[in-house]
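The values are calculated or read from the model by the stated rules, or taken from the named source; none is laboratory data. Worth saying up front: this structure is predicted, and the values here are computed from it rather than measured. Here the Cβ positions follow ideal geometry from the backbone for every residue, glycine too, while neighbour counts run over all protein chains shown.
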Amino acid sequence: MTIAALGPKGTFSHELAEKIKRKDEEVLLFPTIKDVFREVCLRKTKGVRGIVPVENSEAGGVGETLDAIMTSECRIFAEYYMPIHHLFVSGCSHKDISVIYTHPQSHEQCSIFLEKLENIPVIHTSSNAQSAKEAKTTANSAAVTTETAAKLYNLPVLKKDIQNSGNNTTRFLEISAEGTLPENPEKCSIVIIPKENRPGLLYGILEIFARKNINLTRIESRPSKDGIGRYVFFIDFETGENCRDAISELKTVTVLKELGCYSRKEL
């Protein structure tokens, strides 16, 4: 059994995978979220589940995950909420820092702190672990990173908890190409792919949920990649007795892909 997650060692995805892995599971790390989906869904490797970030309370949705789950055969089997704490690390003192490495999402989540460090250029990396690695190997540099990565690269912590919000949280999805969905899920996710662009389209979709007294927990638009001004809508909603009726009705007015019904798992 295997858990596929975004690497290298030291990312928040890696930290979560290590926390939730079973005794008989190993964690395999991949350089991109797309690679995680490819391993879990496209190759349909048996016994593999994936862990991918889907949204952050500060920075919003993770576009790479949303794009991949819309086009893959994976389904969502669980969700996890992980508190996120960023560290500012460096092998040199504050006054000697000439460049800062950070992942784009971490940059957004720590923007207030970074904006106060005037005239120090910020370079984006592929992961929080890569940021730490760059800070370790580049003279007069610093990084925004995780506690695990700071320890891995033996980087002194100059400041803890530099994230904008004390409630900074990332929601992760557990995906798989096989398995049995839970009997009593708490939430379902779908993606709406409109057949046409017309006035009242989104209103008509949302009216179905309102009429059936279904509570939406999230809605986000993403470019459909079919041309400017055309979008798809990712919708999460709480389960209830009218959910299947709502999905059936939606299918009569638009193209709909079910992404899975699932429960929240505690860390």
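Please verify whether Asn215 is without any contact (Cβ under 8 Å) to a residue 60 or more places away in the chain and exposed (fewer than 15 other Cβ atoms within 10 Å of the Cβ), treating the condition exactly as stated. Criteria met by Asn215. Check whether at least one residue in the stretch 60-69 is in the same structural domain as Ala129 (by TED's automatic domain parsing) and part of a loop (DSSP other than H, G, I, E, B), and report yes or no. No, the stretch 60-69 has no match at all. Among residues of the stretch 58-88 being within 22 Å of Glu18 (Cα to Cα) and hydroxyl-bearing (Ser, Thr, Tyr), the one that is surrounded by the most Cβ atoms within 10 Å (Cβ to Cβ) is Thr65. Restricting attention to the stretch 2-47, which residues are of a type in the set (Lys, Arg), closer than 21 Å to Glu147 by Cα and part of a helix (DSSP H, G or I)? Correct list: Lys19 only. Taking the listed residues Ala135, Ala129, Ala59, Ala142, the one that is more than 23 Å from Asn167 (Cβ to Cβ) and at pLDDT below 95 is Ala129, with no other qualifying.
When the residues of the stretch 89-111 are filtered to those that are of a type in the set (A, V, I, L, M, F, W, C) and over 28 Å from Lys19 (Cα atoms), the one that is modelled with the lowest pLDDT is Cys92. Residues that are modelled with pLDDT of 95 or more, surrounded by fewer than 17 Cβ atoms within 10 Å (Cβ to Cβ) and assigned to a strand (DSSP E or B) do occur in the stretch 218-231, at least one of them. Taken over the stretch 110-124, the residue count meeting the criterion of being more than 15 Å from Lys159 (Cα to Cα) and surrounded by 13 or more Cβ atoms within 10 Å (Cβ to Cβ) is 4.
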